[in-house]
Amino acid sequence: MSNATAATEPLHTPLAWQAVELVEKLPATARAATLVLRAPAWPGHRAGQHVDIRLTAEDGYQAERSYSIASTPEDAALSLTVERLPDGEVSPYLVDELRPGDLIELRGPIGGWFTWSSEEGGPLLLVAGGSGLVPLMAMLRHRAATDSRAPARVLVSASAIDDVLYREELDALAAADDAVEAHIALTRRQPPGWTGFARRVDAPMLAEVGFAPDARPRVFVCGPTGFVESASSALVGLGHDPSLIKTERFGPTGA
Amino acid sequence: MVHVDGNAAAGILREVFAAEMTAAACVCGHCGAGFALAETHAYVRAPGVVLRCPDCSGVLLRILRLREGLSVEMRGVARIEI
């Protein structure tokens, strides 16, 4: 009776909100935590996608924010890495208050443009400002989980070394695979003996770290709006095809 | 207010169109520029979202969350290819 089934399906099918449980909260940096979630109705996702999270206060006031998915589709659990914003409405609750066993409302996965699948191939140039690394890390994890041989280079900008998310994992990914390079730019403070970049991301840095435009890398840039606009203009200035540059902005200090 | 981009509007766009829309090609009704909806400039702190053309800054689409449902205004869009 497939016709009858089809006839009863709603014409308009919005993405449903679902209650998901926090399984584990892992510290990421002093200001960020990775939330490992149990989402029974999770349909799977693509690296680069995000979720919306909705909090409802006792008086009915609702606040809704988007957070990038950190886990690769191949991971058993869904995880997000959330950075606490000092005057945020949602992130301080998620980073500081939420406890294992607590439920939050989530819908997703969301977004289909800022995504990468290993089937699309590379090379892959990933440029992150601060917590803009989260969706790019999902791409790197997906690349590793699928044994992709696509050359990948990641450039992360942060104010100080302790603000760099997933630092040990980035080092390990680069050490384990000749096709992966991880570069870090520290804009404000550098530890003694620092050999990485010690300035904001600029065109010479992108030329040094990135692939030649002729190699036609797929470029993903994610970070605060100013960071994304400056990095993407520099990449276009270097001769990268604008149609291969995908950007995701999360506002002045984060979403 | 600093804008973000159409990626941040993916959830509410999906409520309106019942489809993934960030990769959809859009043509601005003001200046004729073409881009993916993900590339539009998005203002999202209102109870809804305003998307503006990344080339001319003209308003493309306004989605306002009402007590029941959504109000959608898209006078600034010449075409969307889903």
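FYI, it's all coordinate maths here, none of it is from the lab. Quantities reported herein were computed from a predicted structural model and do not represent experimental measurements. Heads up, the Cβs are rebuilt from the backbone with ideal geometry, glycines too, and the neighbour counts pull from every protein chain shown.
Amide H to amide H, with H built 1.01 Å from N, residue B:60 comes under 5 Å of B:51, B:52, B:53, counting only residues 5 or more places away or on other chains. Overall shape of the protein assembly as shown was characterised from the C-alpha gyration tensor. The equivalent ellipsoid obtained from it has semi-axes of 31, 25, 20 Å, in decreasing order. When the Cα centres of the stretch A:135-174 and the stretch B:4-82 are compared, how far apart do they sit, in Å? So the two Cα centres are separated by 31 Å. Where is the GNM fluctuation largest for chain A (alpha-carbon springs, 10 angstrom cutoff): A:40, A:213, A:123? Looking only at A:40, A:213, A:123, the largest GNM fluctuation is found for A:40. Between B:34, B:69, B:11, the residue with the greatest mean-square fluctuation in the GNM of chain B (Cα pairs under 10 Å linked by springs) is B:69. Put simply, the amide H of residue B:5, placed in the peptide plane, has neighbours under 5 Å in A:249, B:42, leaving out anything fewer than 5 places away on its chain. Scattering from the stretch A:118-250 was approximated by placing one identical point on each alpha carbon and applying the Debye formula without solvent; log10 I(q)/I(0) at 0.19 1/Å stands at -1.08. Normalised by 2.2 N^0.38 Å, with N the number of residues, the alpha-carbon radius of gyration of the stretch A:96-187 equals 1.21. Taking the fewest neighbouring Cβ atoms within 10 Å as the starting point, the ordered list for B:3, B:30, A:142 is B:30, B:3, A:142. Phi-derived couplings, Karplus 6.51 cos²θ - 1.76 cosθ + 1.60 at θ = phi - 60°, listed residue by residue for the stretch A:97-108: 9, 4, 10, x, x, 5, 10, 10, 8, 9, 9, x Hz, with x used for Gly and Pro.
Relative to the longest principal axis of the Cα atoms of chain A, the long axis of helix A:167-176 makes an angle of roughly 70 degrees.
Here chain B is treated as a Stokes sphere of Kirkwood radius computed over C-alpha pairs; at 4 °C and 1.567 mPa s its diffusion coefficient rounds to 105 µm²/s.
Applying both filters, DSSP loop and at most 16 other Cβ atoms within 10 Å, to the chymotrypsin sites (Phe, Trp or Tyr not before Pro) of the stretch A:39-93 gives A:61.
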